[in-house]
2 protein chains.
Amino acid sequence: MATSPPGAGRPITRGIVLNRIRSARTISRIKLAADCGLNPATITQVVRELISHGLVVEVGHGASTGGKRPTLLQLNPHSRYAVGVLFERNTCVVVIVDLTGRQIARTSFPGTALLPPDRALSVLATHVNALVGTAGVDRDDVLGVGLVTYGPQQQRTGTLLTHQPTTEWFGYPVAPRLSELLGLPVLLDNDAAAAAIGEYWLGAVEPRTYGCIYMASGIGGGVVVDGEVYRGTSSNGVEIGHITIDTNGGPCDCGNFGCLGNYADPSAVIKQAMASGLGQRLGLDPADTDVMTAFGRIATAANAGDPTAGALITASARHLGTAAVTMASLFDLDLIVLAGPSLAASGIYRTVIEEEVRRRTFARRAHPVRVVTSVSGSDAAAVGGAVLVLQSELAALRLGSQPQGRHDANGSGRLLPFDT
Amino acid sequence: MATSPPGAGRPITRGIVLNRIRSARTISRIKLAADCGLNPATITQVVRELISHGLVVEVGHGASTGGKRPTLLQLNPHSRYAVGVLFERNTCVVVIVDLTGRQIARTSFPGTALLPPDRALSVLATHVNALVGTAGVDRDDVLGVGLVTYGPQQQRTGTLLTHQPTTEWFGYPVAPRLSELLGLPVLLDNDAAAAAIGEYWLGAVEPRTYGCIYMASGIGGGVVVDGEVYRGTSSNGVEIGHITIDTNGGPCDCGNFGCLGNYADPSAVIKQAMASGLGQRLGLDPADTDVMTAFGRIATAANAGDPTAGALITASARHLGTAAVTMASLFDLDLIVLAGPSLAASGIYRTVIEEEVRRRTFARRAHPVRVVTSVSGSDAAAVGGAVLVLQSELAALRLGSQPQGRHDANGSGRLLPFDT
């Protein structure tokens, strides 16, 4: 617990002020004080510090509200950067965003399949280093890397608590190891939570409270409340892929039974396609580990009017609709964003999920629930990962205190956010 | 949006300060400033106001942290009161709490069955007036009434958006009408959300983030995040009674299908008891609208070792366990409290729900999930309703501004929190 009131110079205060300027885009000092719940003297001091570090600039004047026209502030976009990495077996996306959260560089590669953790992270580090190099970003200006992937996770130690894709990954220190390889701080977070916050920064979402359903190889979810990711006890929330939709259903690898994923995710749809003969017709190989490509072929066939493929994608969408209704009824949402490459593969998803949500959500008489498709397909998660770095206390620490030689703060060249 | 920084004298600032003193029980000004994110000058001024209104008192000194020993503040319990009302067809509980949230009076009656809204609210008002009278509380010291019941609700207008128990209730202005009858402000809220916050104030719950499953005639849920009720878009969240647990299940009155309530709530268990012959054996009348009494007989038989009754209650508990797993996996909870008279009817519920949650929750490797029984049975919702009044902006408005003639603020003798 804090022992003195929030004041100028404390990293947490700097973080609050920066995040508010970022989300407002331009803002006056007086509005900033009101929005942050800080007194004007504190704001004046914090803003002076941020300007002296080159993070904030003055950009003209706003309209008068009676007295002098207020000076407007905004972030200096090119003063600092963050990297976002979506990392999963079948697809990896790396982006660099500037201090305002705008994407300035991007690369992707097909994932690291079943490579062991050490080799997979080494491949990933090579791609990150290459992108930082080609983007012409000074490494000293990179605040950190947001590594986003599936859960469960232990964010405190930067480890995965899952045997996916192979048993070697369970408990492996993915974030500390990547940090070591890159010489940059690395935060571990949930891909669907990152996608939810990424949608907001990519401009798809106006309301500040909304849900996100994310489907790549698996299904995940994220909820943003008043502009911040809903965290719960351990940042392992909104796992809609593993809620029971069939109380008579079979066991799932996760320990639960009748889970949504077993009826609706790409692997489930591929199995159904093989059982119906569609898989053979489309030339799918059930032994292929690249489920997203196989799933993409089924979705493309559905979009082209193939009735068997259409029925399978529609059934998957109805099951996702059930989970969307549960999510909307529990979190009381009026907006759900569909993100991730597998949901982007067919327009059937949005149509069917919206139908289910409109018809079945408990509070539909209090307010409608809209369902929209992500503006960014597979990029929302990676952009969100980078934005989570910008919003983090880690960034606030690194931003304000080291105008020169920022990497030498703890003598090791980097600030590790983990218990080691 | 606020146009000036939070400062002394603004109702919202008073509310923040009062809520912090309430939850801390005793606290120094410096700690209060730090916890509320306000500067010491503001705190000094707000506390001076609160002391002058008789709401806060100084109670000795805390330990020194280097300098002078700080003066400790606490609420003056008998300066103001709030009423909480749990209102449903088959049971009503009315409580009065003091400014610290401690219950000082209580009454209950068997509900208003199928009475039309006007007559039902008139019966309720008589009970509230009688309790205020016998408790010896000055009516001018009552901040308001927290009326808690099932949803969906439109809290802004104080109306129910449901046809339960009869169609006349849909859109009926329950809170404005009760306010008129009592001459007191009335806030409408969700019973399960109130039970969740009530558990905290009744001392059952230490962690600040937890879930609550509530079962009386129906099933509801509430989640408290960092000491505050999770609200979502319209305060109609956590409706676990109406999430699909069986994708092949039949339609529910709510518009969804395969809903938890149809498998696990008292009416469902009574139907199952009639089908199995147990109902006849226990002398239940399926036409009786008092489902809680009938359900109580089945639970009592289960507790006494009747195998048929035991199997029915266990099946109900397993289905609730599925919903508890969904709730824990979506909100990432490490504690679930079971509240409400129907869950209190048998210890089978806690045992079975905990088993399911331990085995099936997604993030169980990140942290365990405990399941505990409410300390207060059916009272948590009513106490929570009263506490929500204390925590509301309404209370903050009425607390600070009217040391005399508090009811004359808007000329009508009461402050209506509704859009009328």
Any pair with Cβ under 7 angstrom, 6 or more apart, that starts in the stretch B:231-253 at a residue that is surrounded by fewer than 24 Cβ atoms within 10 Å (Cβ to Cβ) and among the hydroxyl-bearing types (S, T, Y) and ends at one that is at pLDDT below 95 and in a helix (DSSP H, G or I) | B:S234/A:A363
Counted residues, the stretch B:31-69 - those being hydrophobic (A, V, I, L, M, F, W, C) and under 24 Å from A:A34 (Cβ atoms) | 10
Quick one: is A:G279 at pLDDT 95 or above and farther than 25 Å from A:D253 by Cβ?
-> no
Quick one: is B:V337 more than 7 Å from chain A (Cβ to nearest Cβ) and modelled with pLDDT of 95 or more?
-> no
Selection within the stretch B:338-353 - buried (at least 24 other Cβ atoms within 10 Å of the Cβ), in a helix (DSSP H, G or I) and more than 21 Å from the chain's Cα centre (by Cα) | B:I353
Counting just the residues of the stretch A:198-230 that are in contact with a Gly (Cβ under 7 Å, 6 or more places away or on another chain) and within 9 Å of chain B (Cβ to nearest Cβ), which one comes out surrounded by the most Cβ atoms within 10 Å (Cβ to Cβ)?
-> A:G221
Under 8 Å by Cβ, and 6 or more places apart or on different chains, what pairs join a residue from the stretch A:31-50 that is of a type in the set (D, E) with one that is surrounded by 19 or more Cβ atoms within 10 Å (Cβ to Cβ) and outside any helix (DSSP H, G or I)?
-> A:D35/A:I27
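Residue-wise test of (1) away from every other protein chain (no Cβ under 14 Å); (2) in contact with a His (Cβ under 8 Å, 6 or more places away or on another chain); (3) farther than 22 Å from A:A302 by Cβ.
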{"site": "A:F331", "(1), (2), (3)": "no, no, yes"}
{"site": "A:A344", "(1), (2), (3)": "yes, no, no"}
{"site": "A:Y349", "(1), (2), (3)": "yes, no, no"}
{"site": "A:E355", "(1), (2), (3)": "no, no, no"}
Please verify whether the stretch B:237-251 includes one or more residues that are away from chain A (no Cβ under 11 Å) and assigned to a loop (DSSP other than H, G, I, E, B).
-> yes
Unique residue being closer than 28 Å to A:R370 by Cα and within 12 Å of the chain's Cα centre (by Cα) when the list is B:G220, B:G241, B:G198, B:G255 = B:G220
What residue, among those in the stretch A:270-320 that are in contact with a helix residue (DSSP H, G or I) (Cβ under 8 Å, 6 or more places away or on another chain) and touching a residue at least 60 places away in the same chain (Cβ under 8 Å), is farthest from A:T91 (Cα to Cα)?
-> A:H319
Restricted to the stretch A:132-147, and to residues that are small (G, A, S) and under 11 Å from A:L187 (Cα atoms), which residue is surrounded by the fewest Cβ atoms within 10 Å (Cβ to Cβ)?
-> A:G144
Any idea which of A:L335, A:L320 is buried (at least 24 other Cβ atoms within 10 Å of the Cβ), assigned by TED's automatic domain parsing to the domain that holds A:V229 and closer than 28 Å to B:L260 by Cα?
-> A:L320
Just a yes or no: is a residue in the stretch A:169-184 out of contact with any Ser or Thr (no Cβ under 8 Å at 6 or more places or on another chain) and either part of a strand (DSSP E or B) or within 13 Å of chain B (Cβ to nearest Cβ) (or both)?
-> no
Any chance the stretch B:268-289 includes a residue that's closer than 30 Å to A:G237 by Cβ and either within 14 Å of chain A (Cβ to nearest Cβ) or surrounded by fewer than 22 Cβ atoms within 10 Å (Cβ to Cβ) (or both)?
-> yes
Mind checking whether some residue in the stretch B:140-163 is without any contact (Cβ under 8 Å) to a residue 24 or more places away in the chain, closer than 25 Å to B:S267 by Cα, aromatic (F, W, Y) and assigned to a loop (DSSP other than H, G, I, E, B)?
-> no
Does at least one position in the stretch B:52-75 carry a residue that is under 23 Å from the mean Cα position of the chain (by Cα), farther than 30 Å from B:D290 by Cα, modelled with pLDDT of 90 or more and surrounded by 21 or more Cβ atoms within 10 Å (Cβ to Cβ)?
-> yes
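So that you can scan it fast, the table gives a plain yes or no per residue for (1) among the hydroxyl-bearing types (S, T, Y); (2) surrounded by fewer than 20 Cβ atoms within 10 Å (Cβ to Cβ); (3) modelled with pLDDT under 90:
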position: A:A130; (1), (2), (3): no, yes, no
position: A:T149; (1), (2), (3): yes, no, no
position: A:Q154; (1), (2), (3): no, no, no
position: A:L181; (1), (2), (3): no, yes, no
position: A:A192; (1), (2), (3): no, no, no
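The values are calculated or read from the model by the stated rules, or taken from the named source; none is laboratory data. As the structure is a computational prediction, the values presented were derived from the model and not from experiment. A quick note on method: Cβ atoms are made from the backbone with ideal geometry, for glycine too, and the neighbour counts reach across all protein chains shown.
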